[in-house]
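Engineer: Before anything else, here's the structure in question.
The values are calculated or read from the model by the stated rules, or taken from the named source; none is laboratory data. Just so it is clear, the structure is predicted and the values come from calculations on it, not from any experiment. All Cβ positions, even for glycine, are placed from backbone atoms using ideal geometry, and neighbour counts span all protein chains on display. Note: areas computed on protein heavy atoms with side chains; ligands, DNA, RNA excluded. Shrake-Rupley method; radii C 1.70, N 1.55, O 1.52, S 1.80 Å.
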Amino acid sequence: MRLIVLLTLFLFTQWLNAQEMAESADSVWEEAWTDWEDDSTLNAFFEIGMGNRFHRDPALLQAATMRDTRLNISWQKALDRISMSPEVELVHDAVTKKFTLNVRELSASLATFEKADIKIGRQILTWGVGDYLFLNDLFPKDFQSFFNGRDDRYLKAPSDAIKFSYFHTLLTLDVIYSPRFEPDNYINGEYFSFYQPAINGNTSTSPHVQLPNGGEWSTRISTQLGRSDIALYASQGFARSPLSTDMQGAPAHHKMKSIGLSVVVPSSVGLLKAEYSYYSIPRGQALISHPPNESRWLFGIDTEIATSLVLNLQLYTEQFHNKQPHEANNVAVSNRWLLTTGLNYTTPRQYWSFKAFHFYSIEDNDGYLRLSSSYKFNDTTSITTGINYFYGKKPTTSFNQFEKASNAYVRMRWYF
Amino acid sequence: MKHIRCWLTFLLLSLMACCPQSFASTSPTEAKKWALKAEKAAYYSGNTARSQVRMMIVDGQQRKQFRQFTLLRKNNVENADQQMMVFFSRPAEVKNTVFRVEKHAGNNTTDDRWLYLPALDLVKRIASTDKRTSFVGSHFYYEDVSGRNIREDTFEIAEDKQSEVSLLATAKLPDSVEFTSYLVTIDKATFLPVKIDYLDGKGQVYRRVEAIETKVIQGFPTVVKSKVSDLVTGGFTLMEFRNIQYELAISDDVFTERSLRTPPTRFLK
């Protein structure tokens, strides 16, 4: 039924667009540039998305992995020293059977001082140089949207924050304070099951997790040295996923601090990038167990191997410290090595684009392949199809535990 | 014999006096001078510049797309490097996306490019090895927008008329480009390139860049309407400029990350 609705809407919009093009194809070049006269602009898009898993998951009844109907409205208003950019979405999700109003952005940017800006409110925060790998970007993520084929923008979840940015000739300083902790939207059984060691199998039941109270700080100093981009990072807050166990035996978000740095260097073969972060778990927390301190490393290269064909390679590792047996309160973890390969291709007139991204875990011998293809019918209408495929040998490993989550999807978007 | 040599010398000098251009046409120095003047007129007018731009992209099947953006440019007074920022407003999909380029005019030095993605609030460095790829889906290349370094080509005068001069250019590194040669026609009054024909290995013109309309703005001859045609597929892109202003007091710190996130509206209107 949904497919029929989708097809009908598609044919109707194509007819509408044809009428618009036929009527204004020649006249549009003579029309006034009215877009430039208005300081504020309203934009909106409507999107329908559908996805199904390949194999039945015994831990979940539904075959559907995506049933989205989405209306996105954004608005920009720029005055002399203040600008605002609200973005809200009305979403009907037939998988979770929820109708929600999502506020992705509701903030005001103030050019308060000559060399400083303050951005206050709900906003998306991103930094770091990894592609789909996060070392110093500890801001909230939505992994359920990442796995089920929603647009890449939804991997980053919004948070309430005050962002202060100081711009000096030699460097930029960003300081972010989030008064309220917001966890990742991790895999919790709503769309996909996950491996539960206690039952040695997958489950879709996720226990209630008490969210910690307290604010979080994140800082970055960035600069350009010659042609290279360099940044230093530091943060203090809580782990986004409940990897620890509290005194009641429930999953908990432990306190953590991080420091790190990143470098991007242009070369004759492409962009070379590296990033490092160190996570430390402060002692004295009321926890039965928590992960040990951790270092993360990333080395990568982005290079254009043919016209409009970009290859991205990354080597990533998580190295845990203090794993000695006497550290009884440490969660059992193992070092991890990932190799990622990404390919992006866009046709010359940008009507069609293709993306492939592959995560491969070297010690687990499992992986995750993302394929997507987008076609633009015109400036306002596009269709995206894709596959998320998880594979491996053991059902307990990081990626292969989601083998039953492998899915295919299709999304159509109309801008107006 | 001595009389014959004198007469031949006199004849040669007479011919040179009558037809100075035909002899000058064999001089690569003269051709290079025209190329330098054209490069300066096309890409280096004024130390700073701002223009609002719109594009209509028509492919071989007559499907149309539109782009609108504002371009800010600043020259490096010490060399031929430039800084540029492109603030997109159309189509809706790329609205508020900003593209920043640091053009390095030295040989074998790629430009540095960054892209600001507003949906992620992310400034992403972009790999940029090939300048002869499509600029935002149009028939213009990045090199057409930022300017091809004339040091990468050799020039000779192909035709010299009263109002125009045509230069035949070939790349010093033929494998680095898809054309065999190109013919650039320069208006002698404005020094603006008014037409560039790109030729393939068979000597056929397969791509053409034309200045459709020019105006003098603040004393600088300026192309306000241009067209790139793909003569193989029949597709073309029309680019139109308006609200052009030179010599704005744009400091270097405008071309930084801050402007990607918070566009300097005082320079964009």
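Engineer: Which is the longest run of chain A containing none of the trypsin sites (Lys or Arg not before Pro) found in DSSP loop states (not H, G, I, E, B) with at most 16 other C-beta atoms within 10 Å?
Structural biologist: For trypsin sites (Lys or Arg not before Pro) (loop position, at most 16 other Cβ atoms within 10 Å), the longest site-free span of chain A is A:324-392.
Engineer: Among the listed pairs B:32/B:161; A:141/A:257; A:119/A:156; B:95/B:269; A:156/B:131; B:40/B:225, which have their C-alpha atoms separated by more than 21 angstrom in this model?
Structural biologist: Check vs 21 Å cut-off fails for A:156/B:131.
Engineer: Please name whichever of B:167, A:232, A:100 sits farthest to the positive end of the charge dipole of the protein assembly as shown, dipole taken about the Cα centre and charges placed at Cβ: Lys and Arg +1, Asp and Glu -1.
Structural biologist: A:232
Engineer: If you don't mind, another one. Can you list the lysines whose alpha carbon is less than 22 Å from that of residue B:202, not counting same-chain residues fewer than 8 positions off?
Structural biologist: By straight Cα distance, residue B:202 reaches B:172.
Engineer: Using only the Cα atoms of the range A:244-358, what semi-axes does the equivalent ellipsoid have when each is the square root of 5 times a gyration tensor eigenvalue? Give whole Å, largest first.
Structural biologist: In descending order, the three semi-axes are 40, 16, 12 Å.
Engineer: What residues of the range A:59-101 lie in the reach of a label at residue A:203, counting those whose backbone N is under 14 Å from a point 7 Å from the Cα along Cα→Cβ?
Structural biologist: Taking a point 7 Å out along Cα→Cβ of residue A:203, the residues of the range A:59-101 whose backbone N falls under 14 Å are A:59-60.
Engineer: A further question follows. Within straight cross-link reach of residue A:394, meaning Cα distance under 13 Å, which aspartates and glutamates are found once same-chain residues fewer than 8 apart are removed?
Structural biologist: The qualifying aspartates and glutamates are A:363, A:364, A:366, A:403.
Engineer: Work out the charge dipole of the protein assembly as shown with +1 on the Cβ of Lys and Arg and -1 on the Cβ of Asp and Glu about the Cα centre, then indicate which of B:149, A:297, B:44 is farthest towards its positive end.
Structural biologist: The one lying farthest along the dipole's positive direction is A:297.
Engineer: When the dipole is taken about the Cα centre of chain B, and only Lys, Arg (+1) and Asp, Glu (-1) are charged at their Cβ, what size is it in debye, to the nearest 20?
Structural biologist: For this selection, approximately 580 debye.
Engineer: When the Kirkwood hydrodynamic radius is evaluated over all pairs of different C-alpha atoms of the protein assembly as shown, what value in angstrom, to one decimal, is obtained?
Structural biologist: One decimal place: 28.2 Å for the Kirkwood radius.
Engineer: With charges set only on the Cβ (+1 for Lys and Arg, -1 for Asp and Glu), what does the dipole of the range B:127-269 come to about its Cα centre, in debye to the nearest 20?
Structural biologist: Once rounded to the nearest 20, the dipole reads 500 debye.
Engineer: Using +1 at the C-beta of Lys and Arg and -1 at the C-beta of Asp and Glu, which of A:266, A:281, A:63 has the Cα lying farthest in the positive direction of the dipole of chain A?
Structural biologist: A:281
Engineer: Below 8 Å, C-alpha to C-alpha, sequence gap of six or more: please give me the relative contact order for chain A in percent.
Structural biologist: 12
Engineer: Taking the Cα centre of the protein assembly as shown as origin, work out the dipole magnitude from +1 charges on Lys and Arg Cβ and -1 charges on Asp and Glu Cβ, in debye rounded to 20.
Structural biologist: Its charge dipole is roughly 240 debye.
Engineer: I want to make sure I understand the PRE zone here: with the label point 7 angstrom from the Cα of residue A:82 toward its beta carbon, which residues in the range A:89-133 have backbone N atoms less than 16 Å away?
Structural biologist: Counting backbone N atoms under 16 Å from the label point, the list is A:106-113, A:117-122.
Engineer: Heavy atoms of the protein only, probe of 1.4 Å, neighbouring chains included. What is the accessible area of residue A:246 in Å², nearest 10?
Structural biologist: It works out to around 30 Å².
Engineer: Residue by residue, what Karplus-based ³J(HN,Hα) values in Hz, rounded to whole numbers, does the range A:338-353 have, using 6.51, -1.76 and 1.60 with θ = phi - 60° and x for Gly and Pro?
Structural biologist: Taking θ as phi minus 60°, the curve returns 10, 10, 10, 10, x, 10, 10, 9, 10, 5, x, 8, 6, 6, 10, 9 Hz for the range A:338-353.
Engineer: May I ask you to evaluate 6.51 cos²θ - 1.76 cosθ + 1.60, the Karplus curve with θ = phi - 60°, for each residue of the range B:40-46 and list the ³J(HN,Hα) values in order in whole Hz, giving x for glycine and proline?
Structural biologist: 5, 5, 7, 10, 10, 5, x
Engineer: Are any of the pairs A:273/B:195; A:77/B:124; A:376/B:37; B:124/B:215 more than 30 Å apart by Cα-Cα distance, and if so, which?
Structural biologist: A:273/B:195; A:376/B:37; B:124/B:215
Engineer: Please compute the contact order of the range A:340-406 in relative form: average sequence separation of alpha-carbon pairs under 8 Å and at least six residues apart, divided by the residue count, as a percent.
Structural biologist: Answer for the range A:340-406 is 24 percent.
Engineer: Between the range A:183-230 and the range B:51-102, how far is it from one alpha carbon centroid to the other, in angstrom?
Structural biologist: 37
Engineer: Would you calculate a helix-derived [θ] at 222 nm for the protein assembly as shown, using -39,500 (n - 2.57) for each DSSP H run of n ≥ 4 and dividing by the full residue count, to the nearest 500?
Structural biologist: -3500 deg cm²/dmol
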